[in-house]
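For reference, the structure is listed below as structure tokens.
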Amino acid sequence: MVSTSGTPRLRPYTFRDLATLPQLGGLPVESRRAMEVVAHVLPFRANNYVVEELIDWGRIPDDPVFRLTFPQPEMLAPEQFSRMAAALASGLGDAHVRAVADEIRQELNPHPAGQLQHNVPTLDGKPVEGVQHKYRETCLVFPSAGQTCHAYCSFCFRWAQFVGSRDLKLATDESLRYCDYLRRRHEVTDVLFTGGDPMVMRADVFARYLEPLLADDLRHVQTIRIGTKALTYWPYRFLSDDDTDALMRLFERIVASGKHLAIMAHFNHWKELSTPAVRQAIGRLKSLGAVIRTQSPLVRHINDDADVWARMWKEQVRLGCVPYYMFISRDTGAQHYFKVPLYRALEIYTDAMTSGSGLARSARGPVMSALPGKIALDGVADIGGKPVFSLSFLQGRDPDWCKRPFFAEFDPNACWLTDLRPAFGDTEFFFERELAAILSQRHPETPRPVATQLEPLAA
Ligand SMILES: *Cc1c(COP(=O)(O)O)cnc(C)c1O
Ligand code: SF4
């Protein structure tokens, strides 16, 4: 499919293909079995582009895109792994396997951070489905047709929605109530389409969500952002799918309307930027006037290395993309396998940052997208002879929290905000009381906690 003959067509691979993919043929049988065991618990999806053009099969299992997409045995705890292996070997059938899979999934914190119920806005007393409005200027929209991806990241914190029942999903239908909401919210300048990956939608479906934003009554929406990993997982989306031309014309209409079209591209490793297809796709998006900003979580086994980030950011700048965020990955799924301690994240960020020119230093990080807001770890300060973490908000539930430095005790094992203790013997961080007040008054009528894992990452 290296696209000399004919047009590449997306062929998804799922756990059923693990037994037959020729590229896996060189692996010992036990390794293939192990992947199948994990793929019965955590979602697996790859495709012909990932397998044929991105992964260097001579370098597995260390190849970063292999680790990014294919299940690794250590993603389950040994006991969980044995439990699933036993279920598969038991001969008790699919229902039994599913029950054991669900049991293990429940142990993997499928809904971290209890966020969504606080972020769904209301209109005329009713929740606006498929919308999250956490920070004043920016609304997230989750189109129902965009709740999957061209392939899945093994670390995805939205993994529960790919294996779960419908009620784990948060999505808006095409009734476009979100536009009614936006018409009344003149402070919203940015609408961010996310998923899953909204680029899995057909152009005509996406148009139904996008076109209303171009009307005069929504001119306060200045920027349309699209969170996507399609540049990594299926760059042909922007080159040669059936409806690519229609999609490009839709994007051109956004730009012609005077709005900013921002592609929020999810890249984890410089290798994802290395194929002819991704470079052409980036070129095409830029030529129609979109700006590509890039973001990624820091993930052990995939990119926990300053050189990888430095090279990725330099490469992005060379290709005309703007590095935007380095995220800390959150506590869900196979987090024991992927997590990186905060102090280490800071080292990697600092080393990578200081090795490039100013243009390769535009990514903010390391950032936790947490319950109170987006919090950056700014450094380790020595105060009164004691090391402390210095942190600040990039976005807060209360906009006034931004840029105010606050301090936590240095802890080499801390991996997330909730692991941190206030420094200097304080009993709480400065924002905690107000946060509790905001959370208790907001949307008291919101019916029940639904999916909580849907914060943007690619996305
Ligand atoms: C990250 C994020 C945004 C966008 O924040 P920016 O700083 O404008 O990029 C908006 N809403 C939510 C819920 C987010 O997590
Ligand atoms: S991290 Fe983003 S692109 Fe990757 S599987 Fe999750 S939603 Fe899809």
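Readers should treat all values here as calculations from the given coordinates under stated rules, not as data from a laboratory. What you see is a predicted model, and the numbers here were worked out from it, not measured in a lab. Reconstructed Cβ throughout: ideal geometry from the backbone, glycine too, with neighbour counts over all protein chains shown.
Estimate the FRET efficiency between THR14 and ALA99 by the formula 1/(1 + (r/R0)^6), using the beta-carbon distance for r and 25 Å for R0, to the nearest 0.05. Mind dumping the intermediate values first?
Details: r = 20 Å, r/R0 = 0.81.
For R0 = 25 Å, the calculated efficiency reads 0.80.
Given axes a ≥ b ≥ c from the Cα gyration tensor, I'd like to know whether the range 112-439 is rounded (a/c under 1.5), prolate (a/b larger than b/c) or oblate.
Values: a/c = 1.78, a/b = 1.28, b/c = 1.39.
Verdict is oblate for the range 112-439.
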Cross-link reach from LYS126 to lysines, straight Cα distance under 30 Å and at least 8 residues apart if same chain, gives LYS134, LYS169, LYS259, LYS374
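Provide THR350, THR294 in ascending order of the number of other Cβ atoms located within 10 Å of each residue's Cβ, fewest first. Walk me through the numbers before you get to the answer.
On the way: THR350 15, THR294 26.
Placing the least packed residue first, the sequence is THR350, THR294.
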Is it possible to state the helix-based mean residue ellipticity at 222 nm for the chain, with each DSSP H run of 4+ residues giving -39500 (n - 2.57), the sum divided by total residues, to the nearest 500 deg cm²/dmol? What is it? -8500 deg cm²/dmol
Give the cross-link partners of LYS271 among the lysines, using a straight C-alpha distance below 25 Å as the criterion and excluding same-chain residues fewer than 8 apart. LYS229, LYS286, LYS314, LYS339
Summing +1 per Lys or Arg and -1 per Asp or Glu among the other residues with Cβ less than 12 Å from HIS301's Cβ gives -2
Quick one: check the C-alpha center-to-center distance for the range 359-418 versus the range 213-259, whole angstrom. 33
Within the range 367-394, list the residues whose amide N lies under 18 Å from a label point set 7 Å along Cα→Cβ of GLU434. 370-376, 391-394
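Quote the FRET efficiency, to the nearest 0.05, computed for LEU359 versus VAL380 with a Förster distance R0 of 30 Å and r equal to the Cβ-Cβ distance.
Values: r = 26 Å, r/R0 = 0.87.
Between LEU359 and VAL380 the formula returns 0.70.
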